[in-house]
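Colleague: Okay, handing you the structure first.
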Amino acid sequence: MKESQHTMIEHSEVKVRLLNLYIKKYLNILSRAQAFEKVQLFDLFCGEGIYENGGEGSPIIFMKAIKEVYYRNQHESQKTIKVDCVFNDKEPSKTEKVKSIIEQKKLHYPFLGDLRFKNIDYVTALPLVVRQISIVKNSKSFVFIDPYGYSEVRASQIQSILETKKAEVLLFLPTQHMFRFEKKGRPTALHSFIEDIVPQKQWPNSHTGIDFIENLKSAFREYLGNEFYVDSFIITREKNQFFCLFFFTSHIYGFEKMLDAKWEIDSEEGRGWTYKNPDLPTLFNQSGSNRVNRLEKFFLSFLKESRTNAEIYAATLHQGFRPTHAVEVLKGLSGQEKISVTSNDGQKIRKGSYYINYNDYCDRPNRISINLI
């Protein structure tokens with residue numbers, strides 16, 4: 001058994017921290033949305049719940065978040081929502097331990113939702129999960145896939161979940177191992193993984209572990225198409241050792257909330273987390289650019305054509321930035337008299353307002369147009 005399976009080490013702590021931040025945002029939004037009556041949460045490699053050194057795994061993070069959001073909404077007289085959880089692991093001993101911990105810590109009550117434990121092989125479980133997501137009306141689902149390796153994981157499985165248009169997926173991959181073997185004959189597991197996304201001959205060379213992650217993210221995006229959103233969160237454990245979480249969704253607002261969670265952890269770049277070692281370059285130093293300069297460089301190309309506020313909102317998220325970053329850059333460009341802002345609906349434009357947000361994206365997508373002068 002790998003050390004990371006029984007001892008919570010630093011990259012696992014960051015992984016569940018991102019998971020915790022996002023799931024709370026996710027549940028808060030859905031619990032207040034009138035269209036949804038239920039959330040389904042699937043943890044397909046749930047493990048034992050508690051590591052030997054006391055670190056809390058994903059099942060405990062999920063249960064605490066569900067309980068916290070429920071009672072906060074109840075206290076604030078807000079709508080509450082039931083969350084049905086399925087914790088799956090092929091080894092019965094692991095789910096038994098999770099069940100025992102949840103009972104011991106009193107983390108679940110029937111009014112919070114259903115709680116089920118399964119012991120099904122991942123490949124067998126996937127189509128059952130897709131079917132369950134599809135048949136439950138007025139619901140949204142979140143699927144967490146944190147496999148023991150990656151030999152069973154395929155992009156086509158992720159696609160089948162996303163095609164329900166009712167689910168988000170968070171996938172953890174040991175990308176440092178995948179990159180290491182990329183140039184060493186590519187074992188069957190890696191060959192099959194890549195071939196499912198893109199023909200082997202089209203896979204680009206990766207010079208670094210970061211290159212491998214960026215190549216993989218681009219391949220996921222190309223494979224899934226424009227109707228789905230894909231992003232990554234890089235976790236640096238040691239020099240040139242990069243783990244990665246990949247997030248997939250069909251809903252742009254869910255995508256924005258994951259970006260919010262990323263930027264809460266990495267306020268410099270929103271790309272990932274680096275172990276604080278003075279001899280280890282951070283992602284920030286490796287990229288050689290800061291957040292404003294990177295987004296500004298993109299806008300100086302993107303805005304050569306006139307773009308609406310909705311187009312700028314979507315493009316900003318696809319670049320991995322928050323709407324507040326877009327406003328920051330646009331204000332800077334305006335101060336330099338490099339952009340022109342035009343009202344499309346005849347309404348007066350407030351100075352410094354660019355309407356780069358989800359509500360305007362939905363309700364007033366063509367409110368203004370911006371282009372370079």
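Colleague: Test residue 321 against the stated conditions and say whether it is open to solvent by less than 10 Å² (accessible area, probe 1.4 Å) and in contact (Cβ under 8 Å) with a residue 12 or more places away in the chain.
Modeller: yes
Colleague: Farther than 17 Å from residue 42 by Cβ and out of contact with any Lys or Arg (no Cβ under 8 Å at 6 or more places or on another chain): does that describe residue 206?
Modeller: It is true that residue 206 is farther than 17 Å from residue 42 by Cβ and out of contact with any Lys or Arg (no Cβ under 8 Å at 6 or more places or on another chain).
Colleague: Here's a follow-up. Consider only pairs whose beta carbons are under 8 Å apart and that are at least six residues apart or on different chains; among these, list those whose first residue lies in the stretch 240-257 and is over 13 Å from residue 30 (Cβ atoms) and whose second residue is surrounded by fewer than 18 Cβ atoms within 10 Å (Cβ to Cβ) and among the acidic types (Asp, Glu).
Modeller: Here the result reads 250/227, each pair linking the stretch 240-257 to a residue that is surrounded by fewer than 18 Cβ atoms within 10 Å (Cβ to Cβ) and among the acidic types (Asp, Glu).
Colleague: Check 82, 99 and return the single one that is without any contact (Cβ under 8 Å) to a residue 24 or more places away in the chain, under 27 Å from residue 135 (Cβ atoms) and open to solvent by 60 Å² or more (accessible area, probe 1.4 Å).
Modeller: Matching residue, one of 82, 99: 99.
Colleague: Among the residues of the stretch 349-365, how many are part of a loop (DSSP other than H, G, I, E, B) and more than 24 Å from residue 296 (Cβ to Cβ)?
Modeller: The qualifying residues number 1.
Colleague: What single numbered condition from (1) in contact with a helix residue (DSSP H, G or I) (Cβ under 7 Å, 6 or more places away or on another chain); (2) at pLDDT 90 or above; (3) open to solvent by 10 Å² or more (accessible area, probe 1.4 Å) fails to hold for residue 40?
Modeller: If we test residue 40 against (1) in contact with a helix residue (DSSP H, G or I) (Cβ under 7 Å, 6 or more places away or on another chain); (2) at pLDDT 90 or above; (3) open to solvent by 10 Å² or more (accessible area, probe 1.4 Å), just (3) comes out false.
Colleague: If you don't mind, another one. Do the conditions hold for residue 115, that is, is it open to solvent by less than 10 Å² (accessible area, probe 1.4 Å) and either modelled with pLDDT under 95 or closer than 29 Å to residue 160 by Cα (or both)?
Modeller: Numbers: open to solvent by less than 10 Å² (accessible area, probe 1.4 Å): no; either modelled with pLDDT under 95 or closer than 29 Å to residue 160 by Cα (or both): yes.
When the stated conditions are applied, residue 115 does not pass them.
Colleague: I'd like to check something: does the stretch 183-199 contain any residue that is closer than 24 Å to residue 79 by Cβ and either aliphatic (A, V, I, L, M) or in contact with a Pro (Cβ under 6 Å, 6 or more places away or on another chain) (or both)?
Modeller: No, there is no match, as no residue in the stretch 183-199 is closer than 24 Å to residue 79 by Cβ and either aliphatic (A, V, I, L, M) or in contact with a Pro (Cβ under 6 Å, 6 or more places away or on another chain) (or both).
Colleague: How many residues does the stretch 171-196 contain that are in contact (Cβ under 8 Å) with a residue 60 or more places away in the chain, more than 17 Å from residue 89 (Cβ to Cβ) and not hydroxyl-bearing (Ser, Thr, Tyr)? Before you say what the answer is, go through the steps one by one.
Modeller: Of the residues in the stretch 171-196, the ones in contact (Cβ under 8 Å) with a residue 60 or more places away in the chain are 171-176, 179.
Retained after the next criterion (residues that are more than 17 Å from residue 89 (Cβ to Cβ)): 173-176, 179.
Right, trim to not hydroxyl-bearing (Ser, Thr, Tyr) and you get 173-174, 176, 179.
Total satisfying the criteria: 4.
Colleague: Is it true that residue 315 is aliphatic (A, V, I, L, M) and over 15 Å from residue 296 (Cα atoms)? Break it down stepwise before answering.
Modeller: Numbers: aliphatic (A, V, I, L, M): yes; over 15 Å from residue 296 (Cα atoms): no.
Here the answer is no, as residue 315 does not meet what is asked.
Colleague: Of the residues 70, 22, which is within 12 Å of residue 112 (Cα to Cα), modelled with pLDDT of 90 or more and open to solvent by less than 50 Å² (accessible area, probe 1.4 Å)?
Modeller: Only one candidate qualifies: 70.
Colleague: Continuing with the same structure: What single numbered condition from (1) without any contact (Cβ under 8 Å) to a residue 60 or more places away in the chain; (2) open to solvent by less than 50 Å² (accessible area, probe 1.4 Å) fails to hold for residue 311?
Modeller: (2)
The values are calculated or read from the model by the stated rules, or taken from the named source; none is laboratory data. Keep in mind that this is a model prediction, so the values were computed, not measured. Cβ: placed from backbone, ideal geometry, glycine included. Neighbour counts: every protein chain shown. These accessible areas exclude ligands, DNA and RNA; they are computed on the full protein's heavy atoms, side chains included. Shrake-Rupley method; radii C 1.70, N 1.55, O 1.52, S 1.80 Å.
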